[in-house]
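Presented below is the structure to which this report refers.
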Amino acid sequence: MKFKHLPIIATLLFSLGFQTSVSAQIYHEVSVMGGYISFRGDYGLRGDSETIRNNSGIGFGVNHYLNFAYTDFISRYTSQHFKVRSSLVYHSTELGHFGALADKDNQAGLQLRSMTGEANVLEIGSGIEYYLMRIRDYERNPGSFTPYAGLGLNFVYYSPVAQTSLEGGLGLPETTFPTFLADPGEEPAFTNESNITLSANFQGGLKYKISRKTDVFAEIRWHYYLSDFVDGLEPIGPQNKNNDWMFWLAFGFNYIID
């Protein structure tokens, strides 16, 4: 992705910060979260259970919320059901080739089994969350639950690793599966270079009110990247239909700041 996106993201983050000065009745919340990542990229077979089970990792994040439930400068419905959420997350996944092709006792199978990688990803961004229960009612009733859902846009810095245990490294016909071996003059099908992109993210979850100031939550997130090189691979051929994406099952703790 080009750096032309940076001014847009900077403007968005600045505008969110500026909103906090509009009214002293805006409440701030912070949370931490972590959990299981299932990364879906170009390692292994699509839909293969072994691939899904093994290409998994861990993610961590911190969140900041703007709570408008006690303001009067926006509509009552909006203030009682929506929050603005900003997030900083990091996740890392070790990757490998699994499935029928990698299991074969031939050169192609050996090339795939010998190839491993990592997807190391740092994301920062903002979005909105919708709460089914009125926010004031939820906050005033410890012991209550509320479902929520949200969407957002993240700025992404990724640093992939693509390698093989075969002598000579990737890029040679003897060591590299044909799908990842570009012809002279073609764009490479693998990379170890860090880069930036954007991701669209969607989440849904459930919050439980412990006390007036504290919550715990569980949520499922889906991040879709606007690049196919987040895991370091971009296979050659019509079978490469999608960019990289990931599922995240996260658990977290939330604190309301007066």
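The values are calculated or read from the model by the stated rules, or taken from the named source; none is laboratory data. Here the structure is a predicted model, which means the values were calculated and not measured. Every residue, glycine as well, gets a Cβ built from its backbone with ideal geometry; the counts of neighbours run over all protein chains shown.
Here are the numbers for this structure:
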quantity: Looking only at segment 76-108, and only at residues there that are touching a strand residue (DSSP E or B) at 6+ places or on another chain (Cβ under 7 Å), of a type in the set (D, E, K, R) and farther than 19 Å from Leu233 by Cβ, the one that is surrounded by the most Cβ atoms within 10 Å (Cβ to Cβ); calculated: Arg85
quantity: Matching residues, segment 216-236, being in contact (Cβ under 8 Å) with a residue 40 or more places away in the chain and closer than 29 Å to Ala149 by Cβ; calculated: Phe217, Glu219, His223, Tyr225, Leu226, Ser227, Asp228, Val230, Asp231
quantity: Selection from segment 163-181 of residues that are of a type outside the set (Ser, Thr, Tyr) and either surrounded by 21 or more Cβ atoms within 10 Å (Cβ to Cβ) or assigned to a helix (DSSP H, G or I) (or both); calculated: Leu170, Phe177, Pro178, Phe180
quantity: From Leu132, Leu206, residue being modelled with pLDDT of 95 or more, in contact with a His (Cβ under 9 Å, 6 or more places away or on another chain) and farther than 21 Å from Arg40 by Cβ; calculated: Leu132
quantity: Leu151 vs. criteria within 27 Å of Trp222 (Cβ to Cβ) and in contact with an Asp or Glu (Cβ under 8 Å, 6 or more places away or on another chain); calculated: no
quantity: Test: Leu170 is closer than 19 Å to Tyr90 by Cα and touching a residue at least 40 places away in the same chain (Cβ under 8 Å); calculated: no
quantity: Among residues of segment 109-162, those that are of a type in the set (Lys, Arg), surrounded by fewer than 16 Cβ atoms within 10 Å (Cβ to Cβ) and assigned to a helix (DSSP H, G or I), counted; calculated: 1
quantity: In segment 182-214, the residues that are free of Cβ contacts under 8 Å to residues at least 60 places away in the same chain, among the charged types (D, E, K, R) and surrounded by 13 or more Cβ atoms within 10 Å (Cβ to Cβ); calculated: Lys213
